[in-house]
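The values are calculated or read from the model by the stated rules, or taken from the named source; none is laboratory data. Model, not experiment: these values are computed from the prediction. No Cβ is skipped: glycine too gets one built from the backbone with ideal geometry, and neighbour counts run over all protein chains shown.
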Amino acid sequence: AQRVTQPEKLLSVFKGAPVELKCNYSYSGSPELFWYVQYSRQRLQLLLRHISRESIKGFTADLNKGETSFHLKKPFAQEEDSAMYYCALTGGGNKLTFGTGTQLKVEL
Amino acid sequence: EAGVVQSPRYKIIEKKQPVAFWCNPISGHNTLYWYRQNLGQGPELLIRYENEEAVDDSQLPKDRFSAERLKGVDSTLKIQPAELGDSAVYLCASSPHRQFSYEQYFGPGTRLTVT
């Protein structure tokens, strides 16, 4: 079975502060991990995936197989980063398993 | 491009009534997904189509839920009869190719309230 855990329902930071959204997973094989984001009044959309190892909107995420984690990080939070963030996992098939999401609020 | 289109956006019905949701995926996308998102939860897959074939419906409550994608394009998800616990947002998503399943493009969702 595959499972994704996002321990924080809400994360509030000040503008310019570092951000780390936590994601832990459970999967017996080699997973593919993703972060999806939903801005206010917008659709759920892909932010980044571990396999591409890229930075999107200043966000990065590193897959740590030893700790079974895929935390999302950004060194300096911006007001426009306020959104709902979902970590998701697939075991190589087409089924995405989502976490419960973390609401990021960036305050001025 | 309009993206994934869903209709209606909101629906309020009484329990035991039927309800149907419609989805039109992005043109050319072979794979179509229906998800249910309960309040405070992430989306949970109900059914996945490859063209017109339902290839994963293990999470679909088949006693009251049904879905179809007759021509491999748009799709309908139906609940009959609806229960109070069916109140949720129903999301449709599509992806262009089986190999790139993680590139799922989501619709705006239909918010269902069962009273």
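In region A:16-26, how many residues are within 19 Å of B:Gln41 (Cβ to Cβ) and either assigned to a loop (DSSP other than H, G, I, E, B) or within 13 Å of chain B (Cβ to nearest Cβ) (or both)?
3
Taking region B:25-57 as the search range and keeping residues that are in a strand (DSSP E or B) and either farther than 22 Å from A:Leu46 by Cβ or among the hydroxyl-bearing types (Ser, Thr, Tyr) (or both), which one is farthest from the chain's Cα centre (by Cα)?
Only one residue tops the list, namely B:Glu53.
Quick check: anything in region A:5-15 out of contact with any Ser or Thr (no Cβ under 9 Å at 6 or more places or on another chain) and either surrounded by 16 or more Cβ atoms within 10 Å (Cβ to Cβ) or in a loop (DSSP other than H, G, I, E, B) (or both)?
yes
Right, B:Thr115: more than 11 Å from chain A (Cβ to nearest Cβ) and either more than 28 Å from A:Ser40 (Cα to Cα) or surrounded by 13 or more Cβ atoms within 10 Å (Cβ to Cβ) (or both) or not?
When the stated conditions are applied, B:Thr115 does not pass them.
Which of the numbered conditions does B:Trp22 fail, given that it passes all the others? Conditions: (1) surrounded by fewer than 17 Cβ atoms within 10 Å (Cβ to Cβ); (2) over 10 Å from the mean Cα position of the chain (by Cα); (3) modelled with pLDDT of 95 or more.
Every condition holds for B:Trp22 apart from (2).
Report yes if A:Thr60 is surrounded by 13 or more Cβ atoms within 10 Å (Cβ to Cβ) and free of Cβ contacts under 8 Å to residues at least 60 places away in the same chain, otherwise no.
So A:Thr60 fits the description; yes.
Among what's in region A:6-50 and is over 22 Å from B:Gln104 (Cα atoms) and of a type in the set (Asp, Glu), pick the residue that is farthest from the chain's Cα centre (by Cα).
My answer is A:Glu8.
Here are B:Leu70, B:Leu77, B:Leu60: which of them is more than 25 Å from A:Tyr85 (Cβ to Cβ), assigned to a loop (DSSP other than H, G, I, E, B) and within 11 Å of the chain's Cα centre (by Cα)?
It is B:Leu60.
Please identify the pairs in which a residue from region B:64-86 that is at pLDDT 95 or above and surrounded by 14 or more Cβ atoms within 10 Å (Cβ to Cβ) has its Cβ atom under 7 Å from the Cβ atom of a residue that is outside any strand (DSSP E or B) and basic (Lys, Arg), counting only partners at least 6 apart or on another chain.
What qualifies is B:Ser75/B:Arg69; B:Ile79/B:Arg64; B:Pro81/B:Lys16; B:Pro81/B:Arg64; B:Ala82/B:Lys15; B:Ala82/B:Lys16.
Got at least one residue in region B:90-98 being exposed (fewer than 14 other Cβ atoms within 10 Å of the Cβ), within 14 Å of another protein chain (Cβ to nearest Cβ) and under 26 Å from A:Ile51 (Cα atoms)?
Within region B:90-98 (the criterion being exposed (fewer than 14 other Cβ atoms within 10 Å of the Cβ), within 14 Å of another protein chain (Cβ to nearest Cβ) and under 26 Å from A:Ile51 (Cα atoms)), the answer is yes, since at least one residue qualifies.
Filtering region A:69-108 down to residues that are within 14 Å of another protein chain (Cβ to nearest Cβ), more than 12 Å from the chain's Cα centre (by Cα) and in a strand (DSSP E or B), which residue is nearest to B:Tyr33 (Cα to Cα)?
Only one residue tops the list, namely A:Thr97.
Out of everything in region B:1-15 that is assigned to a loop (DSSP other than H, G, I, E, B) and touching a strand residue (DSSP E or B) at 6+ places or on another chain (Cβ under 9 Å), what residue ends up being farthest from the other protein chains (Cβ to nearest Cβ)?
If we take residues in region B:1-15 being assigned to a loop (DSSP other than H, G, I, E, B) and touching a strand residue (DSSP E or B) at 6+ places or on another chain (Cβ under 9 Å), then B:Glu14 is farthest from the other protein chains (Cβ to nearest Cβ).
Is it true that B:Arg48 is touching a Phe, Trp or Tyr at 6+ places or on another chain (Cβ under 6 Å) and either among the acidic types (Asp, Glu) or within 12 Å of another protein chain (Cβ to nearest Cβ) (or both)?
yes
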